[in-house]
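Novice: Below is a structure I'd like to ask you about.
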Amino acid sequence: MQIQYILELTGTCFFAVSGALVANKKSEQDWFGVTFIGFITAIGGGSIRDILLGSYPLVWVDDVAFLYAIFFGILMTRLFYSFIQKRSKERFIFDTLGIAMFTILGTEKAMDLGVNPVIAAIMGMLSAVMGGVIRDVLTNEIPVLFRKEVYASACLAGATLYLVLDYFGVERNACYFFSILLISVIRYLAVKFNLTLPKFKV
Amino acid sequence: MQIQYILELTGTCFFAVSGALVANKKSEQDWFGVTFIGFITAIGGGSIRDILLGSYPLVWVDDVAFLYAIFFGILMTRLFYSFIQKRSKERFIFDTLGIAMFTILGTEKAMDLGVNPVIAAIMGMLSAVMGGVIRDVLTNEIPVLFRKEVYASACLAGATLYLVLDYFGVERNACYFFSILLISVIRYLAVKFNLTLPKFKV
Amino acid sequence: MQIQYILELTGTCFFAVSGALVANKKSEQDWFGVTFIGFITAIGGGSIRDILLGSYPLVWVDDVAFLYAIFFGILMTRLFYSFIQKRSKERFIFDTLGIAMFTILGTEKAMDLGVNPVIAAIMGMLSAVMGGVIRDVLTNEIPVLFRKEVYASACLAGATLYLVLDYFGVERNACYFFSILLISVIRYLAVKFNLTLPKFKV
């Protein structure tokens, strides 16, 4: 339980940072706008997962620590703005770790609620990507998963690996580790070699 | 129960096809993007209805057959892409049958949960149109129900007929038949004669 | 209970009017489009609050009076269209009172459900602003809270005052009065003197 909780708080904080950066790049927002977008980005995916699963109370409604993780992320973004802006490689790493963690935790939560594994993998992916999708819809952007599609499909691949390892009784922390690693490696390779999925209509 | 289930699966499959076609027309998407949009179009309306009604578990979360109906629809879209693209009349028929079925099933489900009939009719309409609305929001289109308004109002008319027939004790399959027929006829006439509703401000 | 109910119905009606006006200004909509947008604007914020809190049944699903309040608002908008259009000052007052009432009622409802006060204030704000946000997303506008940011932050300030007064045992109607007054005064001053919050990145 402990490691799960720390991963979830950390992922929430990373998401808030990434939301705040996107909000401020789009147009020069005030404090409130940036905080709101950071907040929505951080809680959106998990909320949609829990609402679809009917799993109440929502994590952040029940435990105010998630809110503080978000505020902490926003504050750090402000304090180290130009530092963070310049480090695009580090930002990529944090963003990737964030979606990887959320995918695996979301998949696990759905499995705990007894849904079909295929549904659980979809729930994991939605946890990871829907925060960014809502962020993009609110700021009138084309949603992220139609711009860089390996994004969400990397999550699906990681969720699938998690379910396979879990099925074969692999110890949970190892399941976490290898699935998060797979998502990260796929995203790294996709960006490095500019990989894309095949077009629907050839 | 049986006929209801088959109608719902069939409607879900039709919606996935229509979502996939729209997604791919908008811009040449990859497999993942098209599948995601097909999925959202197919499950969006019913999910919003169930979330608003607090009716858990959501249909597609509980029964993985809906997911397979979606994947089947996407696969068919790919295999018969140019065939389906050319048959705009047949596509119109499938689309109309899809929204008609979803409207009636949504209205019936809401009634079974004991809400006021006016609310039930709205829930039926939302089941039918919100999948397309979410699809349009995600792809940055003006939502379908502000472009062709007879669309959603046809659903409301069909839902109302269903409620009236049901109130007077008409046998259920006959209720289904006549309400679905009404929605289809209204849409057909609206498109054929280019009918529109009166403007709000004359 | 009584005053709470009347405030909520009145606020719902005000929101429907404001939604209908925005929908019709954007492009000349038909009756259905205007009614739909008025409806979504009026029930959106409260629905999101209740869905996030898992508080079922949703207010308007349970009590059809809210629907009639919306239809009444739309009808009034039509009957007195040019009158309402011209009175921008009065519209501002109604709009401000609407968001102020929704903020306080939403905050109170969340507190009654036992959440942390910080979460309750956020729920109050979301009740007030999300209807307008959904309206703007559906009509492809930049959401209201990124255009006039003192809007949502005024709600947060009012919710905070409500929680402080309530904490110190102030009588409920007085809590209502002073919090609604604060939100109104902040919005008035912000518009009058064109105040904005500080930018995130100076």
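Novice: Mind listing the long-range amide H neighbours of B:Asp30? Cut-off is under 5 Å, sequence gap 5 or more, other chains count too, H placed in the peptide plane at 1.01 Å from N.
Specialist: Correct list: A:Phe200.
Novice: Using Cα pairs closer than 8 Å and at least 6 residues apart in sequence, work out the relative contact order for the stretch A:80-166, in percent.
Specialist: It rounds to 29 percent for the stretch A:80-166.
Novice: Would you mind checking the radius of gyration and Dmax of chain B based on alpha-carbon positions, in Å?
Specialist: When restricted to the Cα atoms of chain B, Rg and Dmax are 16.3, 50 Å.
Novice: Considering only C:Lys192, C:Lys109, C:Lys25, give the residue with the highest GNM mean-square fluctuation for chain C, with springs between Cα atoms whenever their separation is below 10 Å.
Specialist: Looking only at C:Lys192, C:Lys109, C:Lys25, the largest GNM fluctuation is found for C:Lys192.
Novice: Another question about this same structure. With the convex hull built on the Cα atoms of the protein assembly as shown, state its orientation-averaged projected area in nm². Write down the numbers at each step before the final one.
Specialist: Working: hull surface 111.9 nm².
Computing the convex hull of the Cα atoms and averaging its projections yields 28.0 nm².
Novice: Further question: Using Cα springs under 10 Å in a Gaussian network model of chain B, which residue among B:Gly33, B:Gly98, B:Gly124 shows the largest mean-square fluctuation?
Specialist: Of B:Gly33, B:Gly98, B:Gly124, the Gaussian network model singles out B:Gly33 as fluctuating most.
Novice: What gaps in nm, shortest first, separate A:Tyr56 from its twins in the other copies when you place the label 7 Å past Cα toward the beta carbon?
Specialist: 0.7, 0.7
Novice: Nm distances between the label at B:Phe177 and the same-position labels in the remaining copies, 7 Å along Cα→Cβ, shortest first?
Specialist: So the label point of B:Phe177 gives 6.5, 6.5 nm to the other copies.
Novice: Copy-to-copy spacing for A:Lys25, label 7 Å out on the Cα-to-C-beta vector, in nm, shortest first?
Specialist: Label-point separations across copies, in nm and ascending: 3.2, 3.2.
Novice: Seen from all sides and averaged, what is the projected area of the convex hull of the Cα atoms in the stretch C:20-138, in nm²? Kindly include the intermediate steps, with their values, before the conclusion.
Specialist: On the way: hull surface 29.9 nm².
With every direction weighted equally, the projected area is 7.5 nm².
Novice: Now, a different point. Among C:Arg87, C:Arg49, C:Arg135, determine the one that fluctuates most according to a GNM of chain C built with springs between C-alpha atoms less than 10 Å apart.
Specialist: Evaluated over chain C, the most mobile residue of the options is C:Arg87.
Read the figures in this text as sums done on the coordinates, not as results from a lab. Source: prediction; values computed, not measured. Here Cβ is always computed from backbone atoms with ideal geometry, including for glycine, and neighbour counts include all displayed protein chains.
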